[in-house]
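The values are calculated or read from the model by the stated rules, or taken from the named source; none is laboratory data. In this text, all values refer to a predicted model and were calculated from it rather than measured experimentally. Methodologically, a virtual Cβ is constructed for each residue, glycine included, from the backbone with ideal geometry; neighbour enumeration extends over all protein chains shown.
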Amino acid sequence: MRRLTPSSGSDSGRIPKACLPCAQVKARCESETGDETCKRCRRLQKTCSAQVPGAHRSKKVKTSEVARLERKLDGVTAILAASQNSSIGVSGFLAPSPADMSPAAWIDPFVQNELEAEMILETFRTQIQPLFPFVVIPPSMSYLVLKQKKPFLVLAILMVGCRHDQARQIALAKGLREIISHNILIKGEQSLDLLQSLLVYVNWYHLHLQLGSQLCNLIHLIMAMMIELGLNKEVYSKNLRPGLFARSGYFGETGSVPLATAMMNRVTPLRSSTARTLEERRTFLGCFFLTSIISMCKRDVEPIRYSRYADECCRAISEAAEYPTDVYVVHLARLHGMAGRISCIRTQEDWHVNPVSTSAPIGACVKSLESELLQLRNSFPQLSHQNIVLLMHYYLMEIFLYEAALNDNMEPLRYGTYPFARLGMLCACLNSTKLCFDTISSFPLSELFDLPHTIWTILGHAIVVLSKLSLLRAAGWDPEYVRSVLDVSECMDVLVRRLDKAKALTGTPSEQVGQDLATRDVPQFFLMLPSKLQMVKAAHEARWPAQTNSTDPNSCLTSAETGVVLTDDNFPMSPMMDLFEFFDEDFWQQPA
């Protein structure tokens, strides 16, 4: 056997000395000097052959094989994780993994193709956007560009505009709620895109009421993000120059400028290209608008104050007139700017806010505010699609002003010529309520399901006020007169009939030439609404005989038969139902 020698230093660690037959049986291999055959192979007459160098070296697994096994293991792990953690959306829509909360991951699964997305965007831009002009999509911006720049807003638009597929609409609403919560509360993201998507999401809140009660949380989330983004004020320069406090004499250095002067110069508003854009101003006014109407109709949210900066935003938007709908932005904002002043004369809790208004009789205060509202009304544009929505908000503001007379806790001395001042306010409140119902009845049936949540909130508040007026017992006030002008039961029947007609129109081709109106599903909210209206009607009619049979003028305010004390903030239709819950989320969770 020839002994092999290592060819390089790398193989010199260990050289096999035994021949192959001896190594296979692990026998001792001995050979004499100069003899190529070992003693054992000579005795057994075996072929004595040498082992291959490196025979005892451990075999290394190829790197490519390891990588392949790792990839295979990762794939198995991902499949197991997906089967455990991924959730199935509404009606079988597969939602992305919780680990992927990017907007793009949620957009693509719910869009069939780019053509459908463009059609939804165009529908939103032409038919739905004018109803909420605070978030505007430029006419020249395509779906792909908008998706790249504002993916969160695209999700909200797809949710509202997916009128032809309610299952997909609810799945989008659920996904949008999850992704917004994750990105804001967990990742701490803040952007105009997120805020605008929240505004659109809340303004059509009734489309996803079945997902749970979150309106108050969403409103406060909007206000918090608005403050964090600083949209409620001008852009300020926060650059603190080095040595400011040293130069200002804060630490007692000589030859320094006064501290007050230095502090005034430290933060100054910027009037250059970095000033607030019109888009940011619209978004801020949209936040103010939503909090104002929710505060008036639900009474559980402290609204954003209409400040001098808000009025400045209105002036800037009015002067620029970038879009045709900007005129409605200004009118809606200025109209709701009156709400804060009106609230000062409503309840005792608000009297300390503006003591000047309480020194004069309430009739004089109402007349002053009434004239301001009339000036705003005269400045409205000519009758149009958006003007109907604007009128609904105007009549809400009038109701909000006059319904202070429904509060029996207000001292008679505050009315001045009591009871004539109070009677005048009650009659004006009834007239504004009737105009509110007439306006909602004039809206086209084909577009009834597109109305935002704010309009339905106004309608619910008008029903509350009408019921109060019908059941009120006050000196000189005749409930029968209210029924002759506007009867609650008849109003409920009219609304139910209009909803039935609107449902019958779904899927009917448009009468407009050249417009291909796809079939559309009826949202769950409108399937439940008729039965809820009938519940309101039944509750009101059950209460009516008890009030008409009573001879006490104040029996409607403190009823011994029902055991209910009626106040301005709590006007129950029956012991089992508070009419203020008419458009509250808890009310809609009850079975019809």
Inset, instruction - Kindly indicate the residue of region 383-412 that is out of contact with any Pro (no Cβ under 8 Å at 6 or more places or on another chain) and over 21 Å from residue 460 (Cα atoms) and also modelled with the highest pLDDT among those meeting that condition. - result: 408
Inset, instruction - Report yes if residue 141 is more than 28 Å from residue 506 (Cα to Cα) and out of contact with any Gly (no Cβ under 7 Å at 6 or more places or on another chain), otherwise no. - result: yes
Inset, instruction - With the condition kept exactly as written, say whether any residue in region 473-484 is in contact with a Leu (Cβ under 7 Å, 6 or more places away or on another chain), within 30 Å of residue 132 (Cα to Cα), of a type outside the set (S, T, N, Q) and at pLDDT below 95. - result: no
Inset, instruction - Answer yes if at least one residue in region 174-188 is touching a Gly at 6+ places or on another chain (Cβ under 9 Å) and surrounded by 23 or more Cβ atoms within 10 Å (Cβ to Cβ), and no otherwise. - result: yes
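Just to be sure before I move on: is residue 238 among the charged types (D, E, K, R), more than 19 Å from residue 301 (Cβ to Cβ) and at pLDDT 85 or above in the structure I sent?
In short, no.
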Inset, instruction - Identify, from the list 147, 233, 174, the residue that is out of contact with any Ser or Thr (no Cβ under 8 Å at 6 or more places or on another chain), outside the structural domain of residue 460 (by TED's automatic domain parsing), part of a loop (DSSP other than H, G, I, E, B) and modelled with pLDDT under 95. - result: 233
Legend entry - Hits in region 457-505 (condition: without any contact (Cβ under 8 Å) to a residue 60 or more places away in the chain, more than 16 Å from residue 531 (Cβ to Cβ) and touching a Pro at 6+ places or on another chain (Cβ under 7 Å)): 476
